[in-house]
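Below is one structure, written out as structure tokens, with a few remarks after it.
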Amino acid sequence: MVIRTSALFLAASLVLSACGQAEKNSPAPSGAESENNTAPNETNQAPSSDKENKDSSDALDPSDTSNKTSTEPERSEDTGKEKDNSDNTQAEETPAAPQYYMNKVYNIVPNDEAAEKKIVLLTFDDGPKDEKMINGLIDTLDKHKAKAIFFVNGYRVKQNPELLKLIHERGQIIGNHSWDHIDLKKESKATAKKQIEDVQKIVMDTIGEKPKFFRPPFGSGGDYVKQVVSENNMLFMTWSNGSLDWESQSRNNPEAVINNVMEQLHPGSNILMHELPWTVEALDTLLTKLEKKGYSFVDPQNIELKTK
């Protein structure tokens, strides 16, 4: 009896073992996916291998540059640094050399024989004083597409910083005319230096750049003043054509201002005028007359900062 029971138990064990082996070797149902075949949160990952990334772009012909749409900068093979693809232009353009210089008698002269000789330099001294006059002068300059140097006094800039900003913002050039409009040739070296450099500082503080031109009050300077001017990277100048708008016979007489300039007119004229009502009134007619005689107006920024 015991032997028979043991035999039955052994037979049952063999049957169960065979069934388990068959189940293990049978394939999973079509379309089924084990929960453990994909790691958590990775079901939407992009291909991770270089081959997979390459395969996805092989539809484009690598030799066809017309298919390149990437704006990412190329990198240099030698340094690994990004290369500029912006039409191979230089990062900084070299400034054009000035076309004009000032000679020892303060005329403006072309550096190149081919440059226009019939030019004049327009300048206005003793400002900034009055918004209406400044706008009047610059409106006329704009009408004639002209630039001028406005030689300013430091004490006036201190009183009217907004007027200095107005001149600058309207595209005209600022010059240094000393702080107090005194005869620098009669002053000590220390005073002359301060009169010049204090203007440099207040103009820089007001508009963010320093004057590049200096005119001494009354045209009176001397060697030491010229030295200080040079140390401050400015061009020293007086004038070669005086409008005489400051004299009594010109007061309230625009025609006198015009005649004075025209009588002294010559190529390269460095014309001295002032921020005065009758000069404002005279300017449009004066510039028109100059143009009719074939003259144009030199841009001060096109003048070398040294005398030859």
- Note on the structure: Residues of region 173-191 being among the small types (Gly, Ala, Ser), in contact with a Pro (Cβ under 9 Å, 6 or more places away or on another chain) and within 17 Å of ASP223 (Cα to Cα), in sequence order, are SER178
- Query: Can you tell me how many residues in region 122-150 are under 20 Å from ILE108 (Cβ atoms) and small (Gly, Ala, Ser)?
  - Reply: 2
- Item | Verdict on HIS144 being open to solvent by less than 50 Å² (accessible area, probe 1.4 Å) and touching a helix residue (DSSP H, G or I) at 6+ places or on another chain (Cβ under 6 Å) | yes
- Message: Every residue in region 234-280 that is of a type outside the set (Asp, Glu), more than 23 Å from PRO216 (Cα to Cα) and without any contact (Cβ under 8 Å) to a residue 24 or more places away in the chain, please.
- Response: GLN249, ALA256, ASN259
- Item | Single residue of GLU187, GLU169 found to be acidic (Asp, Glu), more than 22 Å from PRO300 (Cα to Cα) and modelled with pLDDT of 95 or more | GLU187
- Note on the structure: Residue set ASP126, ASP139, ASP180; condition open to solvent by 60 Å² or more (accessible area, probe 1.4 Å), closer than 26 Å to ASN302 by Cα and modelled with pLDDT of 95 or more; output residue ASP139
- Of all residues in region 158-177 being touching a residue at least 40 places away in the same chain (Cβ under 8 Å) and outside any helix (DSSP H, G or I), the one that is most open to solvent (accessible area, probe 1.4 Å): ILE173
- Task: Give region 93-123 a look and list any residue that's over 24 Å from LEU244 (Cα atoms) and open to solvent by less than 30 Å² (accessible area, probe 1.4 Å), or say none.
- Result: TYR100, PRO110, ALA115
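Let's see how each residue does on (1) within 24 Å of GLU116 (Cβ to Cβ); (2) in contact with a Leu (Cβ under 7 Å, 6 or more places away or on another chain); (3) open to solvent by less than 20 Å² (accessible area, probe 1.4 Å):
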site: VAL225; (1), (2), (3): no, yes, yes
site: LEU235; (1), (2), (3): yes, yes, yes
site: SER248; (1), (2), (3): no, no, no
site: GLU255; (1), (2), (3): no, no, no
site: LEU265; (1), (2), (3): yes, no, no
site: PHE297; (1), (2), (3): yes, yes, no
site: GLN301; (1), (2), (3): yes, no, no
- Task: Considering only residues that are of a type in the set (Asp, Glu) and more than 21 Å from the chain's Cα centre (by Cα), look in region 183-223 and name the one that is least open to solvent (accessible area, probe 1.4 Å).
- Result: ASP183
- Taking only region 147-157 into account, find how many residues are open to solvent by 30 Å² or more (accessible area, probe 1.4 Å) and assigned to a helix (DSSP H, G or I). 2
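Kindly provide the set of residues from region 183-200 that are among the hydrophobic types (A, V, I, L, M, F, W, C) and in contact with a helix residue (DSSP H, G or I) (Cβ under 6 Å, 6 or more places away or on another chain), ordered by number.
From region 183-200, those among the hydrophobic types (A, V, I, L, M, F, W, C) are 184, 190, 192, 196, 199; that's our starting set.
Selection gives LEU184, ALA192, ILE196, VAL199.
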- Test for ASP284: is it of a type outside the set (S, T, N, Q), out of contact with any Phe, Trp or Tyr (no Cβ under 7 Å at 6 or more places or on another chain) and closer than 17 Å to LEU141 by Cα: yes
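The values are calculated or read from the model by the stated rules, or taken from the named source; none is laboratory data. Note that this is a predicted model, so its numbers are computed, not measured. Neighbour counts are summed over all protein chains in view; Cβ atoms, including those assigned to glycine, are modelled from backbone coordinates with ideal geometry. Ligands, DNA and RNA are excluded from the accessible area calculation, which covers all protein heavy atoms including side chains. Shrake-Rupley method; radii C 1.70, N 1.55, O 1.52, S 1.80 Å.
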